[in-house]
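Structure first, commentary second.
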Amino acid sequence: MVSDHLNEGMCWIEVIEDNLSDENKEIYNQLFGDDVVKFSYHSGALNFGVECVGKIGQEKLLELAKQFKMQDVPYNQAYVSVQDFLMNYCGCYDEVPNPNYRDMKSPWGMGLPLNELNEYLKKYDAWQESIESKKTLKQFNANKIIKPIEELVTEHNMIFEDDRVYLSEFHYKKHQNYLNYINKINDVNLSESTSNFKR
């Protein structure tokens, strides 16, 4: 919930939908309760919360959040591929004309009537988010790599491991926490299956 408390009598958490694993998306879909609310404020984001605040609101919100399963850090938010790192952080690309580019005029200053403006705005927003709005595209160029990948990653205070470039030590540690969690679960499952086999 934001600090200016826009929703009186309600507290909530917002998550980026694409960052949720399939399992956690299903958990979100199944959240329910008398005071549970689900909605979306921003495009590409999901919100869940409860219709109460204060200590009770905190406890109920925590109960909802605990239903979600541990998952690995998300692509683009926490790590990128080596090629994306080289293109986006090291300039290892060429700009080429976009064969799918399509021009679209800005809605402002077109003098459209209000009912037409709303419809045009929707189309314009969709165009801006599409590849058709870009006059040029970036194309990877390996010839522009001037140093070993490990050195380039270090220069950007990032971490390179297993074909991933983690954007910070914070994200890398979160990934390590996830691996430790999975290893503990696997150890418990192995231990249980071994003890069942001995019986």
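Screening residue 108 on (1) under 26 Å from residue 131 (Cα atoms); (2) in contact with a strand residue (DSSP E or B) (Cβ under 9 Å, 6 or more places away or on another chain) shows it passes everything except condition (2). Would you pick out the residues in the stretch 113-142 that are in contact with a Pro (Cβ under 9 Å, 6 or more places away or on another chain) and of a type in the set (A, V, I, L, M, F, W, C)? Listed by number, the residues that qualify are 117, 121, 137. Residue count for the stretch 34-61 under the criterion of being exposed (fewer than 14 other Cβ atoms within 10 Å of the Cβ), of a type in the set (Gly, Ala, Ser) and assigned to a helix (DSSP H, G or I): the result is 1. Against the test of being in contact (Cβ under 8 Å) with a residue 24 or more places away in the chain and more than 30 Å from residue 173 (Cα to Cα), the options 34, 94, 72 yield a single qualifying residue, 94.
The number of residues in the stretch 20-33 being of a type in the set (S, T, N, Q) and open to solvent by 40 Å² or more (accessible area, probe 1.4 Å) comes to 2. With the requirement that a residue be closer than 30 Å to residue 126 by Cα and either at pLDDT below 90 or among the small types (Gly, Ala, Ser) (or both), what does the stretch 1-58 give you? Of everything in the stretch 1-58, those that are closer than 30 Å to residue 126 by Cα and either at pLDDT below 90 or among the small types (Gly, Ala, Ser) (or both) turn out to be 1, 2, 6, 7, 21, 40, 41, 42, 43, 44, 45, 49.
Of the strands (runs of 3 or more DSSP E) lying entirely inside the stretch 64-142, those carrying at least 1 residues that are farther than 24 Å from residue 16 by Cβ and either out of contact with any Gly (no Cβ under 7 Å at 6 or more places or on another chain) or open to solvent by 40 Å² or more (accessible area, probe 1.4 Å) (or both) are 93-97, 136-140.
Just to be sure before I move on: is residue 184 assigned to a helix (DSSP H, G or I), among the basic types (Lys, Arg), farther than 29 Å from residue 86 by Cβ and open to solvent by 60 Å² or more (accessible area, probe 1.4 Å) in the structure I sent? Yes, satisfied.
The values are calculated or read from the model by the stated rules, or taken from the named source; none is laboratory data. Only a predicted model underlies this, so the values are computations on that prediction, with no experimental measurement involved. Cβ: placed from backbone, ideal geometry, glycine included. Neighbour counts: every protein chain shown. Accessible surface is based on the protein model in full, side chains and every heavy atom, while ligands, DNA and RNA are left aside. Shrake-Rupley method; radii C 1.70, N 1.55, O 1.52, S 1.80 Å.
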